[in-house]
Every structure is written in C-alpha cells, then in structure tokens.
Amino acid sequence: MASPSASRDRYTLYGAPGSGATPVHAALTLIGAQVDTVDMSPWEGESERERVANVNPMRQVPALLLPSGELMTESAAILIWLGDRYPEAGLCPAPDDPMRARYLRWMVYLPAAIYSLFWVRDDPTRLTPDPAAQPAMLERTAERIAHCWHLMDTQIDEPAPYLLGDKISMLDLYVTVLSRWTPRRRRFYRVAPRMARVVRRVDADPRLAEFWAARFPFSMDEEAKKSED
C-alpha cells in the first residue's frame, strides 16, 4: 500500500503519542512518507500550551508541516488532504467515488461530535471553573461521547470488513485512535459493536504493529488497570 512517490516526501508532525496526531502518523506510515515527530502535550499545562502556541495559535495538536513548508492543522483536514495527495495509497474514496459522501460525512462527524469534547475534558476549568461541578461535567461528556459512538454505529453500513468496504481507510484509522480515548474501549465495544470489529482489525494490522508499539501501545489488559477518566 505504501506509495513509491511518498518516500521522497518529508513531514514534521507536532503532537504527543496517543494524541490526535496519532491517526495522522498512522496514515503517513501506511503511505510510506518520512516523518519527523515533535512531541507536544498541551493538556499537560499552561507552559506546554504556550510551547504549542509557537506552532499553532489555537494551542492544539496535531499540526503538520508539509514538504512545501505550509503548516496544516485540524486532524480531519490533514487526513482528508493526505488521502487525496496520495491516491495510490488507497486510503480514501476518490472525489467521484460513490462512497465519497459517506466518507466526508463521518470524517467531519468525528471531530464535530466527539473529538471537540476533549478540549473541555483536558482542562475542565475552561468551561466549568467550579471544582465541585467538574465531576458531573466529566461524567456527562463521557456519556455524550458514548452516545455519539452509538449513533454512528447504528447509522453506518455494516463493515465489510472496514467502515468503507474492503480496504482500510483514513476513517478506520481515525475511529481506531479516538475509540481508545474516554470512555475507553470496553465501553466503545458495548455501544458500537459493529465498529468494534473494525478497530480490533486495525489494532492488529501487521503494517502498523511497529508504529503502534512505538507511539500508542494498547491492550485491553492495560486498559483494565486504568480508572475511568
């Protein structure tokens, strides 16, 4: 699947392991491009957010420096752009493909309905300055995320074996990473049983084994040891 032309392209990716930079890095791995990583974790505090601000004024990751020198932000936009930039990698439907509308719908749904809630969860004081109210906010946002996963699972076509058909796509990578976040995989498997089969398949993809181990190791045993966020 790796693109021969991509091997000459070099990118710089800003974002910590396990962050929203992870699906971008996974995509670049499958594409076969060169990637330099700069780890930044804006959820770890104000000093780290100020460091990120030097790259992205929104103080968020991921950010991707393109070979042209242009900087891209917004994970969905980056993934869509990469899919179109390297069509030979087969990671997205072409503009004239009947699956294109479905692909764009869900690629935008993920950041709009799910990913955006983590801006609040990373620092509850952003919207809930009262410490006594923050546990309820965290619980409600976790419930909302689970509900959104369930809605997607009931509306998307039966995976065959991936979300858009017989080949892995940017959408599969995006769902796989975000489904490891709160409320974590055990809950995801319950509320999104059809997509659960897909993310397990992506977790086990041999082309990504080395990448997952280095940038976002995952196992249900390790997850079981973590408390709910």
What do the square roots of 5 times the Cα gyration tensor eigenvalues come to for the stretch 1-96, in whole Å, largest first, as semi-axes of the equivalent ellipsoid? 25, 12, 11
Residues whose placed amide H lies under 5 Å from that of V35, excluding near-sequence neighbours: Y11
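Could you please state how large a percent of the accessible area of the chain is carbon and sulfur, counting protein chains only and using a 1.4 Å probe? Kindly include the intermediate steps, with their values, before the conclusion.
Working: 5750 of 10780 Å².
Carbon-and-sulfur percentage of accessible area, whole number: 53.
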Using a 1.4 Å probe, what is the accessible area per residue for the stretch 1-89, in Å²? 43 Å²
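Report the semi-axes of the equivalent ellipsoid for the stretch 67-132 in whole Å, largest first, where each axis is √(5λ) for an eigenvalue λ of the Cα gyration tensor. Could you put the intermediate results ahead of the total?
Working: eigenvalues 210, 51, 9 Å².
Semi-axis lengths for the stretch 67-132 are 32, 16, 7 Å.
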Nonlocal amide H pairs with Y162, under 5 Å, H built at 1.01 Å: K167
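For n ≥ 4 DSSP H runs only, could you compute -39500 (n - 2.57) per run for the chain, divide by its residues and tell me the 222 nm figure to the nearest 500? Walk me through the numbers on the way to the answer.
Details: 11 runs with 108 residues, N = 229.
Taken over the chain, the calculation gives -14000 deg cm²/dmol.
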Among trypsin sites (Lys or Arg not before Pro) in the stretch 1-96, those in a DSSP loop whose Cβ has at most 10 other Cβ atoms within 10 Å are none
Size of electric dipole in the chain: Cβ of Lys, Arg +1 and of Asp, Glu -1, about Cα centre, debye, nearest 20: 440 debye
What are the principal axis extents of the Cα atoms in the chain, in Å, biggest first? 54, 42, 33
Fluctuation leader among G45, G15, G90 - the chain, Gaussian network, Cα springs under 10 angstrom: G45
Exposure of M99 as accessible area (Å², to 10), given a probe of 1.4 Å and all protein chains: 40 Å²
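The values are calculated or read from the model by the stated rules, or taken from the named source; none is laboratory data. Because the structure is predicted, anything quoted here is derived from the model rather than measured. FYI the Cβ positions are ideal-geometry reconstructions off the backbone, even for glycines, and counts take in every protein chain you see. Side chains included, ligands, DNA and RNA excluded: accessible areas come from the protein's heavy atoms. Shrake-Rupley method; radii C 1.70, N 1.55, O 1.52, S 1.80 Å.
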